[in-house]
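The values are calculated or read from the model by the stated rules, or taken from the named source; none is laboratory data. Note that the structure is a prediction, hence the values are computed from the model and not measured. Cβ atoms come from the backbone with ideal geometry, glycine included; neighbour counts cover every protein chain shown.
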Amino acid sequence: MKRTHTTFSLLQAIAAVATLAVLMWSLGLPSIRFAEAVNVTSFSDTLSDSAPGVVSDHTITFTTPTGVANGETITLDFSDGPFTGTSSVLFSDIDVATTTDYALFADCTASNDVSAAFSGEVLTITMCSGNGASIPANATTTIQIGLNADSGANQLTNPAVGAYKIVAVVGSLDEGTTMVAIVDTVTVSAAVDTTFTFTVAGLPGGTAINGTTTTGSTTATTIPFGTLAAGVASTTAQQLSVTTNASNGFVVTVETDGGLLSTTGAEISSFIEGADTSTPTTWQAPVPVVGTTNTYGHWGLTTNDDSIGVGLGDDFADNEFVAASSTAPVEVFRNNGPSDGTTAHLGQTEVGYQIEISALQEAAEDYTATLTYVATPVF
């Protein structure tokens, strides 16, 4: 009798649920839904240096459709590779910002707003419960790790050459995966689960480059200016090509390892006369002053791409240049969607380099510098 009663009760429960569903449908009431995870959007991780085995800053951005409530967390998993040095990265090496910069602490004790700490290769950022910190729905979050943080002193170390996943879990519902390419300098190619290929090619003399014409040729790995003549600007260029089906395209930057130096210690300064000019400015010949060595000569770069910002929202007009910087990457190529590797401004562009010296520039036969291109897909 007890089994019969149990079976009958189960049938009653099923009938009650079915009746409720029919009643809700007939009354036009909403059906029961369960929360589902959604993907973050515009998710990317830009490295300050893409070379294998070196330390690098990370600039991570994403948009979270659901947001992060007070008391919830953001986790970033760097175990693919893995990226090492996490035990040395402190909360002071990390910045988190949406529409405001959050004050970060080691934990959520006292009245701290946001904490940040690595455990193994996983970074956990906590909106400390009860202290008001949260991230609204559809907000774009930027996380900086390394020297790019306001008080940053420690960086993560890149793994070997390859493509690696960075996995994010944002709040209780949102998640996503992006990829970074660790590549050798100058000649760079990378493959991710979608499609991403970046190549550098040399160009001959006589190539049109943003309102001027090159006076010498280059290869994929060398930019030989040859012997410079005082008062005469020398110009060369390389061709950059990107093929990808990443939905939000890519960004390419370039950075130098320092000044254009000779073994004697002489330097051809950065444009304009050592000022590290970051806003595109019409080319100027150096104006030498005896005893002021940074006025003896300078060099800079320009690009044919018409859809970049150089950090200040300024595109390059004809014959405009910035310094080839050793302190911050210079954006030289961008596209906000898939690219074919050949269409101008969308999949292919040219980057030009120009030098001009005065008669006071110190004599030397071995002025050299190393350029590093960094190509970042944006998913």
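Odds and ends about this structure:
- Checked against (1) more than 21 Å from the chain's Cα centre (by Cα); (2) crowded, with 19+ Cβ neighbours inside 10 Å; (3) modelled with pLDDT under 95, residue 296 meets all criteria but (3).
- Any hit, the range 211-227, residues being in a loop (DSSP other than H, G, I, E, B), more than 23 Å from residue 320 (Cβ to Cβ) and touching a helix residue (DSSP H, G or I) at 6+ places or on another chain (Cβ under 9 Å): no
- Filter result for residue 347 (out of contact with any Asp or Glu (no Cβ under 7 Å at 6 or more places or on another chain), at pLDDT 90 or above and assigned by TED's automatic domain parsing to the domain that holds residue 243): no
- Candidates 142, 213, 194 - the one that is within 16 Å of residue 42 (Cβ to Cβ), surrounded by fewer than 22 Cβ atoms within 10 Å (Cβ to Cβ) and modelled with pLDDT of 95 or more: 142
- Restricted to the range 44-97, the set of strands (runs of 3 or more DSSP E) holding at least 2 residues that are closer than 16 Å to residue 159 by Cα is empty.
- Any chance residue 99 is out of contact with any helix residue (DSSP H, G or I) (no Cβ under 6 Å at 6 or more places or on another chain) and surrounded by 15 or more Cβ atoms within 10 Å (Cβ to Cβ): no
- Among the residues of the range 322-329, not a single one is over 15 Å from residue 256 (Cα atoms) and assigned to a loop (DSSP other than H, G, I, E, B).
- Only strands (runs of 3 or more DSSP E) whose full extent lies in the range 249-306 are considered here, and the ones with at least 2 residues that are closer than 23 Å to residue 334 by Cα are 250-256, 297-303.
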